[in-house]
Amino acid sequence: MHFDFSLLTTELSMFILGLATFVLGLVVPSRSRRGIGAFALFGLLAVLGLTVLNWDQQGVLLNGMYLVDRYAMFFKILCLSTAILVIFGSLRYVNEHLGNHFEYYSTIVFATLGMMVIASAGDFISLYLGIELMTISFIILVAFRSQDGKSLEAGIKYLLQAGLSSAVILYGFSLIYAATGTIVILEVAHATLQGQASPLLIAGMVMLVAGLGFKVSAVPFHMWSPDVYEGAPTPVTAFLAVGSKAVSFAALLRLFVAGLAGVHQQWDILVAVLAALSMIIGNLVAIPQTNIKRLLAYSSIAQAGYLLVGLVTASPAGIKAVMFYSFLYVFATVGAFTVVAVVYNKIKSDEIADYAGLVQRAPLAAAVMLICLLSMAGIPPLAGFVGKFYLFSTVVSGYLWLVYLGLIMSMISVYYYLRVVLVMFRDDPKDPAPIEMGSAANITLIITMVATIFLGIYPNPLSEVANSAAISFFLK
Amino acid sequence: MVDFALTHAWLVPLLPALAFVIIVFLTRPWPKLSGAVSIAAMFSSFVLASSVAYGVFTNPGFIERPLIYSLRWFGMEGFTVDVGVMLDPTSAMMLFMVSMVATLIQIYSTGYMHGDPQYSVFFSYLSLFAASMLGLVISSNLLQMFILWELVGLCSFLLIGFYTFKISAREAAKKAFITTRIGDFGMLLGLLFLQIIFGTLDLAGLAERVPHYEQYGISLGLLTLIAILVFIGPIGKSGQFPLHVWLPDAMEGPTPVSALIHAATMVVAGVYLVGRTLFLFSEVPGAAEVIAFIGAFTAIFAATIAITQREIKRILAYSTVSQLGYMMLALGVGSLSAGMFHLWTHAFFKALMFLGAGSVLHALHDKADVWEMGGLIKKMPITGWTFVIGGLAIAGIPPFAGFWSKDEILVVTLEYARQGHALGYLLFFLASFTALLTAFYMWRMIFLTFFGKEKPENHPHESPLSMTFPLLVLAALAAVGGLIGTPWANVWGKWIHFGHPHHGEPNYGLMFFSVALAVAGIGLAYRLYYQDEEKKLAKQLAERYQPLYKLSYHKYYIDELYQWFTRQVVDASAAVFYWFDIHVVDNIVNGLAGATKLSGQGLRYFHTGRIQTYALVFFLALLVITVVLAFGSPTLAGSMGGVHS
Amino acid sequence: MSDWVGVALFLVVGLVFGAGGLLTSFLIHPRSKNKYKLETYECGLPTEGPSWIRFKTQYFTYALMFVIFDVEVIYLYPWAVSFENLGFAGLVKMFIFIFILVLGLWYAWKEGALEWK
């Protein structure tokens, strides 16, 4: 059997990059390990460039086990960009709070590799492999601040819960295999399109909803996320909130819109209800939060709710909307968490009350926070507005109640987002000393801000890209 | 170069926009540098715009088939918006005119704003304005045009209120913004209707679809309503009655701003928009008549106010309102050519006169009352003589620019009347009478300001070269700029027309008539304000017709009427709504907010932090979902909607 | 609906299977209580000292290293059996596999996991 390695260019180079980072860390004396961050960063940039160049690559490996298409490429680019932004924005944070551990960088590379495998996965085995590679890497990353009790607690919580969800996913896979006799997603699709929905299949489907619902932190499988988001090192939280969530949506789309398309009427209401619950719980519980990371965690639960809306109709427009929203969500979330990280560097606190007068101490950080929060709230002309518009326009016919709910919940979200803004802009700082952020963080912040504004004002290029990727999804 | 310019016309607005960004983020602390950046960008933009204009005017193909290129801005199923560039003689003419006047006025501003602490900010605003205005001019889509339309409104607001320490300036800025917003709201409604009915806001697309409006299932009545709604925007922006009140007050801004925004460019945006959407108005005679009458009425109305005003810039402002009415009249009677021609010539002579007025104010340290001036032409010859050229142009003395365009408007109005339109002759009469008044009040101002006895308390001096140079250029254009549209060789009419080009024979009678009107107006002013050194006769006349004089001097009490309306009606109803808001709405909202907060608090306690609970919730949810799907899914699906069921 | 009977049956059998063992042993096991029965079971040797003591976490790292190389054998064995068939490519792949494991060992060594302090 011919095995076309060229289809795996990006994954292989990512793998080599991970190993190289690791070996470099072992070889280099600990004094000069600072450069490893830069090495990993340039390596990721190179792989990103390679992925962009391979945008048009198409192919299937091992009878559908591994799919290379624009859809996968889109999510690979997304994950790589996230990893790059996260590393670049947090170089200083990592040096000060995590020590100069090279493991941090190689683990991020491997987590990203896991995400890339998920994006391309064509059957249950490769999907599970990707999920585990990503999850185990994340467990390490979450518990990285080994001197900090909260970080360790978060690590152990994530470990247990992730294990639970992995088990459920596996169980779901096995039930679906039992019902259809295949593990290849596209063959599952053929089976479900032809046959009736058997209870085994539905039970397996529910397991998948639960397991992947955990990954995207959709209510009621979301309970882990606030604790883990709060305890994990801030850059890791950002990476977890964006990368892990986005590729889990990629997997959800592959599994449900492609694989389980035949039983669409069995899951559309289910997904709609989960979306509604996530929007409601995420937004309501965010209101009383006093810790910025917990607030962002609940807001991220709500965002998962918005994203699930794009799944409901199982249409190309919905896929496109999910992809578009995932991408703009990268910038808003990484921007917000980078601000949290740079502020924490100086004031050693994540309490919202300590953000008083941030605009006087770090105008850029306050501005970026403002833009990112408003984008998440969906205020025009920022990217979040366009994204929500795409998402909700897919369900206008048929699920109008979901649109109304989304509108109401977005309005509520404005309240708690603006509360943060109010503290930053209105209150006087306790200590007026300016916060020095470092040029890498500055550049990251500017990139996220410009991207958020640009995608809001001129969404069409990304929208077209997402469109062509969504079409490739259906060309099978 | 020309091909490059034609395909890169979007650079014309982009260059000043870039200058804006550079000034705001980089060069703000260095005023001189900021000014240089701004002017350099503006001048490059002008050069490019000239090439575009050259390219368009040397290629007759563009007249019938505009060059359009666009970019998908926003797209989804069933709704797309393209932004783009549309080049035809009309937009090329505007592009050329706006970029040139903007360049000259920026040069002028280096002298006028010299030493102002906000110098850099001023230039950044001017750049932003130029960018928005140039973008508006080449817009291929009405939504794009509307956004830029709002942006020029914003710049106007910022620049009117530029002297933030002056209460009157702040008030004027607010007034301008709110008044024009009223118009914009109507226009937005009209645009929404167009989008909903015709499914596009592209000018080219609409021009194709609107004539077949019956196929889109709407009646002539609805189309008339839409057209009038769209026209409300230009009423506000171009200072037409009854939304003209903001324009005279807008003179609180620095004089270069008055010249650029409130005389030559932004205020004609309304006229331009009507010109661009003439395919809509020509379909609905009712709406076109409304435009013609509002235009003619505004023209005479503002002219009768201008004859008694005392402040130099206020006279010019009312004159602007009046001339804008003239342009609207031309468009209302269906002549794009005449309307745009007057827009073109007016831009030169009115910018010239505003800048001249600025030069006078500069010399007299902001003394604005024309009665306190006199004989300035001796000390300020360049300002004075260029101003006289502007006066000759606006009065309509051949061969100066204003004569040709005004004559053209009279010709088309007379034709309109002869075609049997009811009240067409009334329009013609109003237009002619306005021409007479215009010549009179303009020359009243010129005689009082520049001629007669010098006042000993004034110590005028000629302005620096940076200010007189633009005056000279504009004076030259005001003198010869109309020659491209003479009845004998009407190049203008060939380039810019709607429907069939106008092939009128030169109407010598009408020409003579209009010159006679101008001469009569100037003569009357000469008699009253130059020969009569004590101005006894003028004062006697004012005494004799005191009620009329007062009515005019107080601008027909329109402002007072609006004030009264605001105080009595708006405030009273506001009080009622306020009570309702405090006692009913707030309680509901607070209650809702409280409930939301409370539910947030309640749900929060659910979150214990114990991982056993988390796992329990996880599995419970799994179980519940499975059970619901096993037993209840069909009914649930029925109640929640969905595409199946 | 009747299809779901199968799932329900599955659930019931699962429950019975789990609970049945416990129940059966509860029912049939001989009930004799003595001191030795309550003692901690430790490979048949008598226990010494209390079992609730702190002990070094390094046991875990040792245990982990052991398990990793223990499991490695599982992969090595089938490869060794069909070594002829897999040929050179198989050899290369196995080297990659071992290389990665060795990296882990190297790392553990470097981190001091193999030193008993």
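The values are calculated or read from the model by the stated rules, or taken from the named source; none is laboratory data. Since the structure is predicted, the reported quantities are computational estimates derived from the model, not experimental observations. We place every Cβ from the backbone using ideal geometry, glycine too, and count neighbours over all the protein chains shown.
More than 25 Å from A:Phe324 (Cα to Cα) and either without any contact (Cβ under 8 Å) to a residue 60 or more places away in the chain or more than 14 Å from chain B (Cβ to nearest Cβ) (or both): is that true of A:Ile408 in this structure?
Answer is no for this residue.
Keeping to the stretch B:103-121, report how many residues are more than 16 Å from B:Ile261 (Cα to Cα), small (Gly, Ala, Ser) and either within 21 Å of the chain's Cα centre (by Cα) or not in a helix (DSSP H, G or I) (or both).
Summing the residues that are more than 16 Å from B:Ile261 (Cα to Cα), small (Gly, Ala, Ser) and either within 21 Å of the chain's Cα centre (by Cα) or not in a helix (DSSP H, G or I) (or both) in the stretch B:103-121 gives 1.
Where in the stretch B:241-314 are there helices (runs of 4 or more DSSP H), lying wholly inside it, with at least 3 residues that are touching an Asp or Glu at 6+ places or on another chain (Cβ under 9 Å)?
none
Only one residue in A:Val273, A:Val322 is more than 13 Å from every other protein chain (Cβ to nearest Cβ) and modelled with pLDDT of 90 or more. Which one?
None of the others qualify; the one that does is A:Val322.
Could you list all residues from the stretch A:297-311 that are among the hydrophobic types (A, V, I, L, M, F, W, C) and farther than 9 Å from A:Met376 by Cβ?
Passing the criteria: A:Ala297, A:Ile301, A:Ala304, A:Leu307, A:Leu308, A:Val309, A:Leu311.
If you take the residues of the stretch A:7-37 that are free of Cβ contacts under 8 Å to residues at least 24 places away in the same chain and more than 14 Å from every other protein chain (Cβ to nearest Cβ), which of them is nearest to A:Ile108 (Cα to Cα)?
A:Gly35
Go through the stretch A:455-469 and count every residue that is in contact (Cβ under 8 Å) with a residue 24 or more places away in the chain, within 14 Å of chain B (Cβ to nearest Cβ) and in a helix (DSSP H, G or I). Before you say what the answer is, go through the steps one by one.
We begin by selecting, within the stretch A:455-469, every residue in contact (Cβ under 8 Å) with a residue 24 or more places away in the chain; these are A:455-457, A:459, A:462-463, A:465-469.
Narrowing the set further to residues that are within 14 Å of chain B (Cβ to nearest Cβ) leaves A:455-457, A:459, A:462-463, A:465-468.
Cutting the leftovers down to in a helix (DSSP H, G or I) gives us A:455-457, A:462-463, A:465-468.
Number of matching residues: 9.
Taking helices (runs of 4 or more DSSP H) that fall entirely within the stretch B:375-445, which contain at least 3 residues that are of a type outside the set (S, T, N, Q), more than 21 Å from B:Phe348 (Cα to Cα) and touching a residue at least 60 places away in the same chain (Cβ under 8 Å)?
Output list reads B:376-379, B:401-418.
From the list A:Ala203, A:Ala154, which residue is within 19 Å of the chain's Cα centre (by Cα), over 21 Å from A:Met279 (Cβ atoms) and either surrounded by 24 or more Cβ atoms within 10 Å (Cβ to Cβ) or without any contact (Cβ under 8 Å) to a residue 40 or more places away in the chain (or both)?
A:Ala154
Suppose the filter is away from chain B (no Cβ under 12 Å), modelled with pLDDT of 90 or more, under 24 Å from A:Ser225 (Cβ atoms) and crowded, with 21+ Cβ neighbours inside 10 Å; does A:Ala304 pass it?
Details: away from chain B (no Cβ under 12 Å): yes; modelled with pLDDT of 90 or more: yes; under 24 Å from A:Ser225 (Cβ atoms): yes; crowded, with 21+ Cβ neighbours inside 10 Å: yes.
Against the criterion (away from chain B (no Cβ under 12 Å), modelled with pLDDT of 90 or more, under 24 Å from A:Ser225 (Cβ atoms) and crowded, with 21+ Cβ neighbours inside 10 Å), A:Ala304 qualifies.
Sort out for me the helices (runs of 4 or more DSSP H) sitting completely within the stretch A:162-258 that have 1 or more residues that are within 12 Å of another protein chain (Cβ to nearest Cβ), in contact with a Gly (Cβ under 9 Å, 6 or more places away or on another chain) and within 25 Å of A:Lys320 (Cα to Cα).
A:199-215
Would a scan of the stretch A:89-101 turn up a residue that is closer than 21 Å to A:Ala336 by Cα, modelled with pLDDT of 95 or more and outside any strand (DSSP E or B)?
no
For the stretch C:1-58, how many residues meet the condition of being at pLDDT below 85 and within 14 Å of chain A (Cβ to nearest Cβ)?
Looking only at that region, the number is 11.
Filter the stretch B:485-505 down to the residues that are surrounded by fewer than 18 Cβ atoms within 10 Å (Cβ to Cβ) and at pLDDT below 75, then identify the one that is farthest from B:Thr58 (Cα to Cα).
The residue in question is B:Glu505.
Going through A:Tyr390, A:Tyr415 one at a time, which residue ends up being aromatic (Phe, Trp, Tyr) and either surrounded by fewer than 17 Cβ atoms within 10 Å (Cβ to Cβ) or closer than 30 Å to A:Asp354 by Cα (or both)?
Values: A:Tyr390 fails: either surrounded by fewer than 17 Cβ atoms within 10 Å (Cβ to Cβ) or closer than 30 Å to A:Asp354 by Cα (or both).
Exactly one of A:Tyr390, A:Tyr415 is aromatic (Phe, Trp, Tyr) and either surrounded by fewer than 17 Cβ atoms within 10 Å (Cβ to Cβ) or closer than 30 Å to A:Asp354 by Cα (or both), namely A:Tyr415.
In the stretch B:5-33, how many are hydroxyl-bearing (Ser, Thr, Tyr) and closer than 19 Å to B:Ser99 by Cβ?
Counting residues in the stretch B:5-33 that are hydroxyl-bearing (Ser, Thr, Tyr) and closer than 19 Å to B:Ser99 by Cβ gives 1.
Being modelled with pLDDT of 85 or more and surrounded by fewer than 24 Cβ atoms within 10 Å (Cβ to Cβ) is the filter; apply it to the stretch B:229-242 and report the residue that is nearest to B:Leu331 (Cα to Cα).
Among them, the one singled out is B:Ile232.
Kindly indicate which of C:Ala113, C:Ala108, C:Ala63, C:Ala89 is surrounded by fewer than 12 Cβ atoms within 10 Å (Cβ to Cβ) and within 14 Å of chain A (Cβ to nearest Cβ).
One residue alone meets the criteria, C:Ala89.
Taking only pairs six or more apart or across chains, which ones have beta-carbon atoms under 6 Å, a first residue in the stretch A:418-432 that is at negative phi and crowded, with 16+ Cβ neighbours inside 10 Å, and a second residue that is among the hydrophobic types (A, V, I, L, M, F, W, C) and assigned to a helix (DSSP H, G or I)?
Between residues of the stretch A:418-432 that are at negative phi and crowded, with 16+ Cβ neighbours inside 10 Å and residues that are among the hydrophobic types (A, V, I, L, M, F, W, C) and assigned to a helix (DSSP H, G or I), the close pairs are A:Val420/A:Ile352; A:Val421/A:Leu370; A:Val423/A:Ile352; A:Met424/A:Leu358; A:Met424/A:Val359; A:Met424/A:Ala366; A:Phe425/A:Val359.
From the residues in the stretch B:66-110 that are within 12 Å of chain A (Cβ to nearest Cβ) and hydrophobic (A, V, I, L, M, F, W, C), which one is surrounded by the fewest Cβ atoms within 10 Å (Cβ to Cβ)?
B:Phe79
Filter the stretch A:82-104 down to residues that are in contact with a Gly (Cβ under 6 Å, 6 or more places away or on another chain) and closer than 21 Å to A:Met437 by Cα and give me whichever is surrounded by the most Cβ atoms within 10 Å (Cβ to Cβ).
Initially, the stretch A:82-104 is screened for residues in contact with a Gly (Cβ under 6 Å, 6 or more places away or on another chain), giving A:82, A:91-92, A:102.
Restricting the remaining residues to those that are closer than 21 Å to A:Met437 by Cα gives A:82, A:91-92.
On the way: A:Thr82: 28, A:Leu91: 19, A:Arg92: 18.
Only one residue tops the list, namely A:Thr82.
How many residues does the stretch B:515-556 hold that are without any contact (Cβ under 8 Å) to a residue 12 or more places away in the chain, assigned to a helix (DSSP H, G or I) and more than 31 Å from the chain's Cα centre (by Cα)?
We begin by selecting, within the stretch B:515-556, every residue without any contact (Cβ under 8 Å) to a residue 12 or more places away in the chain; these are B:516, B:523, B:527, B:531-532, B:534-540, B:543-548, B:550-551, B:554.
After this cut, where a residue has to be assigned to a helix (DSSP H, G or I) as well, the list is B:516, B:523, B:527, B:531, B:536-540, B:543-544, B:546-548, B:550-551.
Going one step further and asking which of them are more than 31 Å from the chain's Cα centre (by Cα), we end up with B:516, B:523, B:527, B:531, B:536-540, B:543-544, B:546-547.
Summing the residues that are without any contact (Cβ under 8 Å) to a residue 12 or more places away in the chain, assigned to a helix (DSSP H, G or I) and more than 31 Å from the chain's Cα centre (by Cα) in the stretch B:515-556 gives 13.
If you take the residues in the stretch A:347-391 that are without any contact (Cβ under 8 Å) to a residue 60 or more places away in the chain and in a helix (DSSP H, G or I), which one is nearest to A:Leu307 (Cα to Cα)?
Taking the stretch A:347-391 first, the residues without any contact (Cβ under 8 Å) to a residue 60 or more places away in the chain are A:348-349, A:363, A:366, A:369-370, A:373-374, A:377-379, A:389.
Right, trim to in a helix (DSSP H, G or I) and you get A:363, A:366, A:369-370, A:373-374, A:377, A:389.
Working: A:Pro363: 31, A:Ala366: 27, A:Met369: 22, A:Leu370: 22, A:Leu373: 17, A:Leu374: 17, A:Ala377: 13, A:Phe389: 11 Å.
For the stretch A:347-391, the residue satisfying everything is A:Phe389.
Check A:Val395 against each of (1) within 12 Å of chain B (Cβ to nearest Cβ); (2) modelled with pLDDT under 85 and name the one condition it does not meet.
Here A:Val395 clears every test but (2).
In the stretch C:93-112, what residues are within 16 Å of C:Val67 (Cα to Cα) and either touching a strand residue (DSSP E or B) at 6+ places or on another chain (Cβ under 8 Å) or at pLDDT below 85 (or both)?
Result: no residue meets the conditions.
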